[in-house]
Amino acid sequence: MSQTVIKTSETELHKMKEYYKSSLKPNPPSGAIFAAKVEDCSITAYRSGKVLFQGKAHNDEASKWGKGIPSKEKGKQTKAIPNSVTKNHIGSDEAGSGDFFGPMTAAAAYVEEKNISLLKELGVKDSKLMKDETILEVAKHIQQVDIPYSILVLRNNKYNALQRKGWTQGKMKVMLHYHAIQNVLDKINQSELHGIVVDQFAEASVFKRHLASEKRNMPEKMHFITKAESYSIAVAAASILSRAKFVQEMDRLSKEVGFSLQKGASKLVDEQAAKIILSKGRDTLTSISKVHFANTTKAWDLIKKRNQ
Ligand code: MG
């Protein structure tokens, strides 16, 4: 299994526990201070100061906290970073795929070489290192400068309908990225474009297969790299735009239901889902959540238990 191990201080361990508090697992293994599960990554923090990140997103998750100790079992090496990240290029990223409540969003942005330093000055960087308030602020700045971009929202009713039709979440992501990229391609002079960088969530072959199933072709000059937002300012900008849109949508939905909806897919989310079923009915839940997540079943279990 691919994993990253980091060594950290006690203070940092407490910070981490606080950070993952909505995703903590109930029974951490012995010797562990806590264990948590977020999308595509399990985290186990030991009293010794070692923290283990396992799963597809191990690298991303660990990079929030500092340097990894090279592990023997380290997964595939990061691919060579394409030259286009220093030239005119498009980047795309999505948000909301691991959150029970709220839509899935995606964004693509075109950054010309001459604008790279401007965006850096605006504070565009890896959105995973930023708080939601900062993300909203920086997103506003990106939208004010002359950067062609596209932001798409896949609302929950549509998401759930596609899911029932047999679409995987992976396919939905592919199509969102694709349309966001196409929208940006339509706005720019493509002869000056050096490449398109996608924050990799699937192999290129999978991406291509999903596109083919919708009779679409892979755009030219596509590059898939993991942790792309730390190499490409266009991906970083796209990650900020998509995350900001997701946060705004969550605020809107929270107002609709009358309380602050929790992000992620934790136990608290199960409780909120049960509350919504009881007070507003299952259709309301369907209209604001990704119903195929396990949280739905857990919410019904909570309701049954209460009725016993
Ligand atoms: Mg991503």
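What to note about this one:
- Fraction of accessible area attributable to carbon and sulfur, the chain (%, probe 1.4 Å): 49
- For the residue pairs Lys173/Lys267; Lys128/Lys245; Lys171/Lys208, alpha carbon separations beyond 19 Å are given by Lys173/Lys267.
- Set of aspartates and glutamates near Lys304 by C-alpha distance (under 19 Å), chain-local residues within fewer than 8 positions excluded: Asp270, Glu271, Asp283
- Legend: residue pairs Lys37/Lys298; Lys50/Lys125; Lys25/Lys165; Lys131/Lys227, Cα-Cα distance threshold 25 Å; pairs beyond threshold, Lys50/Lys125; Lys25/Lys165.
- According to the Kirkwood relation over distinct C-alpha pairs, the hydrodynamic radius of segment 130-191 is 13.9 Å.
- Protection proxy ranking, peptides 85-95, 295-305, 194-204, 210-220, average beta carbon neighbours within 10 Å, highest first: 85-95, 194-204, 295-305, 210-220
- Percent of beta bridges antiparallel (DSSP, the chain, rounded to nearest 5): 80
- Environment charge at Ala45 (Cβ cut-off 10 Å; Lys +1, Arg +1, Asp -1, Glu -1): +2
- Annotation: amide H of Val38 within the under-5 Å range of Ile43, sequence separation 5 or more or interchain, hydrogens built in the peptide plane.
- Separation of alpha-carbon centers, segment 173-246 and segment 33-56, rounded to whole Å: 30
- Mean Cα-pair separation over length for segment 180-233, i.e. relative contact order, pairs under 8 Å, 6 or more apart, %: 45
- Centroid-to-centroid separation of segment 277-308 and segment 86-144 [C-alpha atoms, Å]: 33
- Cα shape, the chain, gyration tensor, a/c 1.5 rule: oblate
- For Val138, net neighbour charge (Lys/Arg +1, Asp/Glu -1) across residues whose Cβ lies under 12 Å away: 0
- Using the 1.4 Å probe convention, the accessible area of the chain works out to 51 Å² per residue with neighbouring protein chains retained.
- In the elastic network of the chain, a GNM with C-alpha springs shorter than 10 Å, the most mobile of Lys140, Lys255, Lys37 is Lys255.
- Cα gyration tensor category, rounded, prolate or oblate, for segment 1-68 with a/c compared to 1.5: rounded
The values are calculated or read from the model by the stated rules, or taken from the named source; none is laboratory data. Just so we're clear, the structure is a prediction, and the values are computed from it rather than from any experiment. Reconstructed Cβ throughout: ideal geometry from the backbone, glycine too, with neighbour counts over all protein chains shown. Remember, those area values only see protein heavy atoms, side chains included, never the ligands or the DNA or RNA. Shrake-Rupley method; radii C 1.70, N 1.55, O 1.52, S 1.80 Å.
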